[in-house]
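Structure first, then comments.
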């Protein structure tokens, strides 16, 4: 306070002296010293108060830390069951056998939920028989689908043939045989199409391949024999049928063709045998009796020939020329 009073007194004296040349800066020096001292005092007070506050806060923090330490030891408590389960899994305790038995279940379940794809792949690897069985099933499915698709193409080809669209039918028939080489109907239709267009060699080759796959198929054999006969190759047709055994009634057309070709070729034994089989099946057929009579006549089996001629004349459906020939031969043989 003495500094402030002294400063005020000096100001009063200078104002009374009426000095006009004194600059304001001359009076700022004492004010600056006074303000600086006040500022130093205030800073000292603040510093002292801050030190006291920091000391008190440090002591409080130490107290809080000292009281929080027991809580840190309690915080791991929720984790204790998990740790105990793992420990029980690794080193089972005798005091808790039931908990040890339930541990594998708790461990397996999260693994299965986290990687289902891996579990499935492992299961597939552990059971190769199932995967191989599935592979076999898929192969069998393809084998079943191929005939179905071939049959569908065959039906479409037949429709195109009826509509006169031979080229499209030919392509479908070829595709059907590619899918199912043993499809007899498709092979027969394609061979007939080739023959109708004059491609006899292709038709014969196609039928030959079919007979390799199905050696006893009468439909393929009959078509091949007729193509040989139409191609003026009757000897080839007879040769492929001569030593075959045919069953009736499904092979009746083959027996009729073999019998006729054998008579024309002079193979009367084969002709007589073929007509004999046919007549056992249908004894009222006059044309077959006439064929048998002719074969027996050439074999000089006159009694058998006469009987056959007489049986032929009993058929009302026998043609006039055939009747005349039979009567002529009966007149000679009797």
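The residues of the range 210-256 that are touching a residue at least 12 places away in the same chain (Cβ under 8 Å), over 26 Å from residue 277 (Cα atoms) and loosely packed, with under 14 Cβ neighbours inside 10 Å amount to a single one, 213. The condition (being in contact with a helix residue (DSSP H, G or I) (Cβ under 8 Å, 6 or more places away or on another chain), surrounded by fewer than 17 Cβ atoms within 10 Å (Cβ to Cβ) and more than 24 Å from residue 229 (Cβ to Cβ)) is satisfied by just one residue among 172, 158, 154, 179: 158. For the residues 311, 328, 324, 301, the requirement of being more than 19 Å from residue 258 (Cβ to Cβ), surrounded by 15 or more Cβ atoms within 10 Å (Cβ to Cβ) and out of contact with any helix residue (DSSP H, G or I) (no Cβ under 8 Å at 6 or more places or on another chain) singles out 301. Selection of helices (runs of 4 or more DSSP H) fully inside the range 192-245 by the criterion of at least 2 residues being under 37 Å from the mean Cα position of the chain (by Cα) returns 200-213, 218-230. Checking 272, 260, 293 one by one, the residue that is in a helix (DSSP H, G or I), at pLDDT 95 or above and closer than 24 Å to residue 191 by Cβ is 260 and no other. Criterion applied to 277, 284, 310 was being over 18 Å from residue 328 (Cβ atoms) and part of a helix (DSSP H, G or I), and the one residue passing it is 277.
Pairs linking a residue in the range 160-181 that is assigned to a loop (DSSP other than H, G, I, E, B) to a residue that is surrounded by 14 or more Cβ atoms within 10 Å (Cβ to Cβ), with Cβ atoms under 6 Å and 6 or more positions apart or on different chains, are 180/146; 180/147; 180/150.
The values are calculated or read from the model by the stated rules, or taken from the named source; none is laboratory data. The structure displayed is predicted, hence computed values, not measured ones. Every residue, glycine among them, receives a Cβ derived from its backbone with ideal geometry; neighbour counts consider all protein chains shown.
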